[in-house]
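Some notes on the structure that comes next.
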Amino acid sequence: MAKKILVLGEIKDNSLRNVSFEAITAAKKAADGGEVVGVLFGENLDEHAQNMIQYGADRILLVEREELAQYTTDAYSQAFLQVYEQEKPEGIVLAHTSSGKDLAPRLAAKLNTGLVSDVVAIEEGHENPVFIRPIYSGKAFEKKTIKDGLVFLTIRPNNIAALENDLSRTGDVTAIDIELKDLRTIIKEVVKKTAGGVDLAEANIIVAGGRGVKSAEGFTPLEELADVLGAAVGASRGACDAEYCEYSLQIGQTGKVVTPDLYIAAGISGAIQHLAGMSNAKVIVAINKDPEAPIFDVADYGIVGDLFEIIPMLTEECKKV
Ligand code: FAD
């Protein structure tokens, strides 16, 4: 049955995150020929609305409010529930990002509905689409279908390919009013700890360091390689706990879940909790001086040796390409 599906676009640093376009693809698959309606919160949204249409949304609803310029649980859930009431959709797709992971369960509880979170693939061609999600820290996958009720999904970034953007697509863009009451949190200013860099969750290439880097300075060769490759720098919890880097870089079960095309793990042993965050990377390269390190069990390419010798050599070779 054709469905109307709402997709919340996620804006970061004045750009729509790529996962918003991937969410549109997911919504199209779940809509079964129905309508995909993009929803945007914040300020100066017109360009983002056109972007969502070019990537496959049929129409867009804008809520232009200063209080929605930064994500807060309170404001976003109030706003989204009002959009939901106005539209009465049969489905919702959010990104499985830190804000999506915060918002989706709250909305599901308020709407008294289920939620299929962290979807990495959607199989069509069945009576109802089949949603595939990892379980047991990525060791297995489960398949879910929703036979009745709201189709509510969050999708993991970098897994469901966005459509090609089509500059000729057009669609209605409507500004709507909502009421925000008794907000407990208002973000006045965002002060960033690190400027620039590639967003870890959406990076195509990640160079990650573990306790084997031995110090904060030990990350420098990894950062140099990342610079040359246009990659993001990540870390194991071992490296974060040892204060070699910020926890914002942590990848794994209790850190970020990433699916880059290339993951270079340097000085990381490959504990199950780390693998939970990166084992779905398309190509894994492990550099470790211990040939028995479990990271080699998941690696496509393994280099046994000292990362402080190998990483600079890789950097020099990559500079030549
Ligand atoms: P280690 O296990 O100490 O490995 C360091 C590696 O570096 C070794 O294999 C060593 O051979 C190699 N090495 C040393 N020197 C060099 C060198 N010069 N060149 C090359 N290789 C070298 N961990 C995560 O990463 N992410 C998580 O989200 C996470 N969540 C957790 C949640 C729970 C509930 C628990 C209990 C643990 C969690 N952990 C997580 C911790 C996890 O169990 C491991 O302790 C951690 O991943 C180890 O980090 P590491 O591989 O950097 O360190």
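The values are calculated or read from the model by the stated rules, or taken from the named source; none is laboratory data. Note that the structure is a prediction, hence the values are computed from the model and not measured. Cβ coordinates were reconstructed from backbone atoms using ideal geometry, including for glycine residues, and neighbour counts include every protein chain displayed. Only protein heavy atoms, including side chains, enter the accessible area calculation; ligands, DNA and RNA are left aside. Shrake-Rupley method; radii C 1.70, N 1.55, O 1.52, S 1.80 Å.
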Exercise for the section: Mind checking which aspartates and glutamates have their Cα closer than 18 Å to the Cα of K4? Skip sequence neighbours fewer than 8 apart in that chain. Expected result: E22, D32, E35, D58, E85, E87, E90, E124, E127, D148, D172
Handout entry: Solvent-accessible area, 1.4 Å probe, carbon plus sulfur percent, for the chain
Key = 47
Fill in the blank from the handout: Sorting A121, P221, L163 by the position of each Cα along the dipole of the chain (Lys, Arg +1; Asp, Glu -1; all at Cβ), the one nearest the positive end of that ordering is A121
Problem - For the chain, built as a Gaussian network whose Cα springs stay under 10 Å, the top-fluctuating residue of L111, L68, L16 - result: L111
Fill in the blank from the handout: Quick note, the range 215-275: a/c under 1.5 would make it rounded; otherwise a/b > b/c is prolate and the rest oblate (a ≥ b ≥ c, C-alpha gyration tensor); here it is oblate
Problem - Inter-label distance for D177 and V304, nm, one decimal - labels placed 7 Å from Cα along Cα-to-Cβ - result: 7.2
Completion exercise
With +1 on the Cβ of every Lys and Arg and -1 on the Cβ of every Asp and Glu, the dipole magnitude of the range 174-299 about its Cα centre, in debye rounded to the nearest 20, is 200
Completion exercise
Any trypsin sites (Lys or Arg not before Pro) in the range 222-303 that lie in a DSSP loop and have at most 15 other Cβ atoms within 10 Å would be K282, K289
Exercise for the section: Mind ranking Y76, Y247, Y55 by accessible surface for me, highest first, 1.4 Å probe? Expected result: Y247, Y55, Y76
Exercise for the section: Determine the distance separating the Cα centre of the range 221-265 from the Cα centre of the range 268-305; give it in Å without decimals. Expected result: 13
Exercise for the section: Determine the principal axes of the Cα atoms in the chain, then give the extent along each, sorted from largest to smallest and rounded to whole angstroms. Expected result: 60, 46, 39
Exercise for the section: Please identify, among S20, S236, S248, the residue showing maximal mean-square fluctuation in a Gaussian network model of the chain using a 10 angstrom Cα cutoff. Expected result: S248
Practice task
Starting from the Cα-Cα distance between L167 and K192, subtract it from 0.36 nm times their residue separation and give me the gain in nm to one decimal.
Solution key: 5.6 nm
Completion exercise
Looks like the range 205-320, by Cα gyration tensor root eigenvalues a ≥ b ≥ c and the a/c under 1.5 rounded cutoff (else prolate when a/b is bigger than b/c, oblate otherwise), is rounded
Practice task
Quick one: of K12/K139; K29/K147; K12/K188; K101/K143, which pairs are farther than 27 Å apart, Cα to Cα?
Solution key: K12/K139
Completion exercise
the range 1-80 and the range 102-156 have their Cα centres apart by a whole-number Å value of 18
